[in-house]
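See structure below.
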Amino acid sequence: MLSKVCSAALNGIDAYAVEVEVNCGYGETFVALVGLPDAAVKESKDRVSTALSNSGYTFPMGKTTINLAPADMKKEGPSFDLPIALGLLAASEQMVTDQLDQFVIVGELALTGSVRPVKGVLSIALRARADGRAGVLVPVENAAEAAVVRGLNVIPVQNLREAASFLEGEARITPAKVDLQALFAPVPAEDHDFSEVKGQENVKRALEIAAAGGHNALLIGPPGTGKSMLARRLATILPPLTLDEALETTKVHSIVGLLQPGQALVTQRPFRSPHHTASDAGLLGGNVNPTPGEISLAHNGVLFLDELPEFKRSVLETMRQPLEEGRVTISRAAGTMTFPSQFMLLAAMNPTPDGKMPAESRSSPREIQNYLGRISGPLLDRIDLHIEVPAVKFREMAAAPPGETSAQIRERVIAARSLQHARFAAKPKITCNARMGSRELKAHCAMDDATASLLKHAMTEYNLSARAYDRILKVARTIADLAGVENINPDHISEAIQYRSLDRQLWG
């Protein structure tokens, strides 16, 4: 007898429908599993047969053919265990049901018959809704993640027998529900807060501008000045994720397996900090079967690269396209995948090889230039703010009162972002000033004669590139938004120019 079970597989961060066809015939007992299965899928035959036996069922005798359609797409992972087992029960008439075409079913089986969690359930649930299915059968640990998708019955199952009884109508299982409003409720105070930072008011101001406009930033200063401490507090002043951003971020984290059991959504902006020994594949993603790397895991959040010149130059250069386009495309023999990578780049570096400021360094000018030369000009052009982080004086550390809290700074950031959302309402792909294109710059960064003259003088005096010109305008637009001003004026341009210190070679 032939049975068909609806399932799904992942392709990048999205899912596509897979039909599990099971046919039980006569002859010598043999199981053929076709449809481009990988090693984990091929091993499902042994897991399924033992799970059926331990759940009180029998494995069909005779020739059994299991087809995973479409046959030209490679199937990966253990998520087909449960649909294959249910398909075998239906084909061998050990389970009688007319519900198999109503639900998308995924889950890994333990040898005892219990159902284990799988990756990418949010993407699978979204695919099920798009295909018009009534619901999904998923492991209990994945139920909250799938329940985020409205208009879908999410049935959490603990074991194979419970899944079969539900499909036969013998058992009632309450669909899983989540309260989206509760998920986005204010969280307790962060472990890190800007009020803990002594001094460094100029740096705090620059990071506020970066957060308000979504700008990339580079912190330059000797060891011990608080670069890493400041960087880790940037995430505490970023605006909260929207539902669409949370869904897309969760999809990336889900397919990598970073969600905690029972976690429904990623509701806090990611902060990723890879080590400087990270490879191209670790940062961008890849391997034999393309998977997201650090820049995609930082999507809608912050990617912090400490000791920037210590990263391999080839690794840094591969980030140029994702920084511009907000996505990364990885081509391998197994196929081509595109992952989202719209993140804020925050980097930190020492000013010289020995960590001291140029005036105090024992390094020669050539050694300093070679050190800075590890970061290419095109990459520096894509970093909007170059921020000098000086050493904090003793009296500032000992006597300075607590500064503004992250919550206070965040309020101003959210207000500035609200202006930007209203400004770009007709263009949903532009989420902040840093994402403006040439047309938006022309439309929203108009300058009077005095302001234009100041910028022209700076371009000539410091030999700035055309990309640096755009970055200055974008930062000036954000400074004006923080001030609640409609038009950019010379003060905004002057402040934006001072954040191009590596271009001007005046730092230190």
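The values are calculated or read from the model by the stated rules, or taken from the named source; none is laboratory data. In this text the structure is predicted, and so the values were computed from the model without any measurement. Cβ placement follows ideal geometry from the backbone for every residue including glycine, while neighbour counts extend to all protein chains displayed. Remember, those area values only see protein heavy atoms, side chains included, never the ligands or the DNA or RNA. Shrake-Rupley method; radii C 1.70, N 1.55, O 1.52, S 1.80 Å.
Pull out a ≥ b ≥ c, the square roots of the eigenvalues of the alpha-carbon gyration tensor of the range 253-319, then state rounded if a/c is under 1.5, prolate if not and a/b is larger than b/c, and oblate in the remaining case. Taking the square roots of the gyration eigenvalues as a ≥ b ≥ c, the range 253-319 is oblate.
The peptide list 85-97, 68-80, 210-222, put in order of mean Cβ contacts within 10 Å with the highest first, becomes 210-222, 85-97, 68-80.
Exceedance of the 21 Å cut-off in Cα-Cα distance is limited, within the set LYS177/LYS429; LYS4/LYS42; LYS393/LYS474; LYS204/LYS227; LYS177/LYS251, to LYS177/LYS429; LYS393/LYS474.
Compared with the dominant Cα axis of the chain, that is its longest principal axis, helix 44-54 is turned about 60°. First obtain the Kirkwood hydrodynamic radius of the range 249-402 from its Cα pairs, then insert it into the Stokes-Einstein equation at 37 °C and 0.692 mPa s, and state the resulting D in µm² per second as a whole number. Value of D from the Cα-based Kirkwood radius: 187 µm²/s.
To the nearest ten degrees, helix 243-256 and the longest principal axis of the Cα atoms of the chain are 70 degrees apart. Converting phi to 3J(HN,Hα) with the Karplus coefficients 6.51, -1.76 and 1.60 and the offset θ = phi - 60°, the range 471-479 yields 5, 4, 5, 5, 5, 4, 4, 5, 4 Hz in sequence order, with x at every glycine or proline.
How large is the convex hull of the Cα atoms of the range 189-317 per residue, expressed in Å³ as a whole number? Before the final figure, lay out the partial values.
Numbers: hull volume 17.1 nm³, N = 129.
Spelled out: Cα convex hull of the range 189-317, divided by residues, is 132 Å³.
Summing charges over neighbours of ARG150, with a neighbour being any other residue whose Cβ is under 15 Å away from its Cβ, gives +1 when K and R count +1 and D and E count -1. For the range 342-467, the equivalent ellipsoid built from the Cα gyration tensor has semi-axes of 32, 25, 16 Å, listed from largest to smallest. Shape of the range 51-111 from the C-alpha gyration tensor: rounded (a/c under 1.5, with a ≥ b ≥ c the square roots of its eigenvalues). Taking the C-alpha atoms only, the angle from helix 406-423 to the longest principal axis of the chain is near 80 degrees. Mean residue ellipticity at 222 nm, helices only, the chain: -10500 deg cm²/dmol; runs of at least 4 DSSP H residues each add -39,500 (n - 2.57), and the sum is divided by the number of residues.
One chain, two ends: SER53 and ALA110. Fully extended at 0.36 nm per residue, the span grows by 19.3 nm beyond their Cα-Cα distance. By DSSP, the beta bridges lying fully in the chain are antiparallel in about 45 percent of cases.
Taking the inverse of the mean 1/r over every pair of distinct Cα atoms in the range 396-482 gives a Kirkwood hydrodynamic radius of 15.1 Å. Using the charge dipole of the chain (Lys, Arg: +1 at Cβ; Asp, Glu: -1 at Cβ; taken about the Cα centre), state which of GLY77, LEU464, ALA496 has its Cα farthest towards the positive end. Checked the options; the winner is LEU464.
Spacing of the modelled spin labels on ARG332 and VAL96, each 7 Å from Cα toward Cβ, amounts to 4.7 nm.
Using the Kirkwood formula over every pair of different C-alpha atoms, what hydrodynamic radius in Å results for the chain?
Numbers: mean 1/r = 0.0392 Å⁻¹.
So the Kirkwood estimate lands at 25.5 Å.
Protection proxy ranking of 159-169, 113-123, by the mean of other Cβ atoms within 10 Å over each peptide's residues and highest first, is 113-123, 159-169.
If R0 equals 45 Å, the separation of the Cβ atoms of GLU317 and ALA450 corresponds to a calculated FRET efficiency of about 0.70.
Taking 7 Å steps out from each Cα toward its Cβ at LYS74 and LEU2 produces label points 2.9 nm apart. In the chain, Cα pairs under 8 Å separated by at least six residues give a relative contact order of 13 percent. Proximity of backbone amide H atoms, modeled 1.01 Å from N, is registered between LEU109 and ASP81, LEU82, ARG116 at under 5 Å, excluding neighbours fewer than 5 places apart on the same chain.
Across GLU294, GLU43, the residue with the most accessible area heads the list, and the full order at a 1.4 Å probe is GLU43, GLU294.
With a Förster radius of 60 Å, plug the Cβ-Cβ distance of LEU180 and THR460 into 1/(1 + (r/R0)^6) and report the FRET value to the nearest 0.05. Spell out each step's value before the answer.
Values: r = 53 Å, r/R0 = 0.88.
In this case the efficiency is close to 0.70.
The figure for HIS275 is an accessible area of roughly 110 square angstrom, using a 1.4 Å probe on the protein chains alone. Only one residue of SER254, VAL266, VAL197 has its Cα farthest out toward the positive end of the dipole of the range 179-280, where Lys and Arg carry +1 and Asp and Glu -1 on Cβ, and that residue is VAL197.
Its residues counted as N, the range 43-146 yields a C-alpha radius of gyration over 2.2 N^0.38 Å of 1.06.
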